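The values are calculated or read from the model by the stated rules, or taken from the named source; none is laboratory data. All figures in this text were calculated on a predicted structure; none of them were measured in a lab. Neighbour counts are summed over all protein chains in view; Cβ atoms, including those assigned to glycine, are modelled from backbone coordinates with ideal geometry. Just the protein is used for accessible areas: all its heavy atoms, side chains included, with ligands, DNA and RNA removed. Shrake-Rupley method; radii C 1.70, N 1.55, O 1.52, S 1.80 Å.
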Amino acid sequence: MLLTPQATPIQALHDSLFDRHGVRLLIKRVDLVHPVISGNKWYKLKYNLLAAQQQGFDTLLSFGGAYSNHIHALAGAGHVYGFRTIGLIRGEPYQPLNPTLQFAVDHGMALHYLSRAEYRMKNSPAMIERLRQQLGDFYLLPEGGTNALAVQGCSEMLADVDTEFDVVACACGTGGTLAGVVAGLNGKHRALGVAVLKGGEFLGDEVRRLLQESGEPQFDNWQVECGYHHGGYAKTTPELMAFMQRFEQQHGILLDPVYTAKLFLALYTMVEQQQFARGTTLLAIHSGGLQGRAGFGLN
Ligand SMILES: *Cc1c(COP(=O)(O)O)cnc(C)c1O
């Protein structure tokens with residue numbers, strides 16, 4: 001199994017706002033890393049797929065919501081790299097399947113549904129044991145795909161960047177991607193995570209824990225911004241949706257309301273508030289996730 005990422009471009013975004021504040025904004029198009037397995041999820045899966053293969057597993061199992069980018073990517077990866085996949089989906093089954101789950105099924109994923117109460121128990125050893133008895137043995141990926149191997153994969157996300165930058169920014173859900181980016185920087189430059197959920201203050205401890213679990217030093221050249229969640233995970237505001245539409249029209253680059261729109265609106269706001277010194281080059285990671293647009297009635 002060969003897991004070499006496709007090279008992805010860096011594009012400069014032009015906006016009079018940046019010119020006024022003497023800031024340059026570059027966008028790293030990680031969303032283009034694979035035609036089926038989008039964005040940061042490709043990197044999060046890479047070493048997990050290799051570990052599953054090395055350990056002799058033919059089945060991958062994980063958890064997610066009905067519009068989960070991770071479930072979508074896992075189904076795609078199973079199809080591309082030859083694993084059976086099982087997705088345990090939070091909540092009731094609905095027919096017809098939404099586009100995320102239809103894609104998963106079309107790519108061979110077996111779906112099972114967990115009530116919200118069961119879903120909360122998904123990390124308990126008793127639940128995992130019961131799943132093994134019911135479904136057979138599997139390589140387990142946590143919700144969102146975040147573990148030490150995911151951090152290792154994400155540490156390679158900027159490996160092909162040959163442009164100078166000062167601050168790299170990414171959207172944060174579980175913190176796995178940010179931890180990987182921080183590991184990849186190896187103490188140089190700065191990393192900025194934008195929490196896309198309410199109560200993102202836990203992400204600081206989580207990134208520290210993931211760095212430790214991955215055998216990385218406790219770097220301190222990073223921070224998490226918690227004020228840009230727009231009401232919580234997968235919640236939106238009219239301001240966010242209007243920003244996203246303007247951004248897409250102006251730059252011809254699609255975003256998603258759950259992750260990347262919140263990242264870019266945060267960066268625009270921080271530039272406006274002069275939180276970056278003149279001369280700063282920002283590198284924003286477009287982490288993909290465009291399939292999730294369907295949940296908002298967007299193409
Ligand atoms: C999953 C995801 C993230 C968040 O990654 P974490 O490692 O959970 O912090 C960011 N952007 C997109 C598009 C995603 O799908």
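One table, with the values for the structure above:
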item: Stretch gain in nm, segment residue 135-residue 97, where the contour uses 0.36 nm per residue and the Cα spacing is subtracted; result: 11.5 nm
item: List 208, 246, ordered by accessible area with a 1.4 Å probe, largest first; result: 246, 208
item: In degrees, nearest ten, helix 176-185 long axis to first principal axis of the chain (Cα); result: 50
item: Positive dipole terminus of the chain, leading residue within 27, 153, 135 (C-beta point charges); result: 135
item: Accessible area in square angstrom per residue, the chain, 1.4 angstrom probe; result: 44
item: Residue-wise HN-Hα coupling along segment 154-165, computed from phi with Karplus coefficients 6.51, -1.76, 1.60 (Hz; x: Gly, Pro); result: 5, 5, 9, 5, 10, 4, 9, 7, 10, 9, 6, 8
item: With DNA, RNA and ligands ignored, accessible area of residue 140 (1.4 Å probe; Å², nearest 10); result: 60
item: Theoretical gain in end-to-end length, residue 120 to residue 105 [0.36 nm per residue, Cα-Cα removed]; result: 3.0 nm
item: Signed unit charges on C-beta, dipole axis of the chain, positive-most listed residue 165, 192, 126; result: 126
item: Computed [θ] at 222 nm, deg cm²/dmol, the chain (DSSP H ≥ 4; -39,500 (n - 2.57); rounded to nearest 500); result: -11500 deg cm²/dmol
item: Rounded to the nearest 20 debye, dipole of segment 18-82 from Cβ charges on Lys, Arg, Asp, Glu; result: 320
item: Accessible surface of the chain, 1.4 Å probe, proportion on carbon and sulfur as whole %; result: 50
item: Rg(Cα) / (2.2 N^0.38 Å) computed for segment 1-112, rounded to two decimals; result: 1.32
item: Two-site FRET efficiency, residue 250 against residue 163, from Cβ-Cβ distance with R₀ of 25 Å, rounded to 0.05; result: 0.70
item: Sites residue 242 and residue 32, calculated FRET efficiency, Cβ-Cβ separation with R0 22 Å, nearest 0.05; result: 0.30
item: Within the chain: Cβ-based charge dipole about Cα centre, in debye rounded to nearest 20 (Lys, Arg +1; Asp, Glu -1); result: 360
item: Extended-chain gain in nm, criterion 0.36 nm per residue less alpha-carbon gap, residue 220 and residue 53; result: 56.7 nm
item: Shape of segment 28-76, Cα gyration tensor, a/c cut at 1.5; result: oblate
item: Contact order normalised by residue count of the chain, Cα under 8 Å, 6+ apart, percent; result: 23
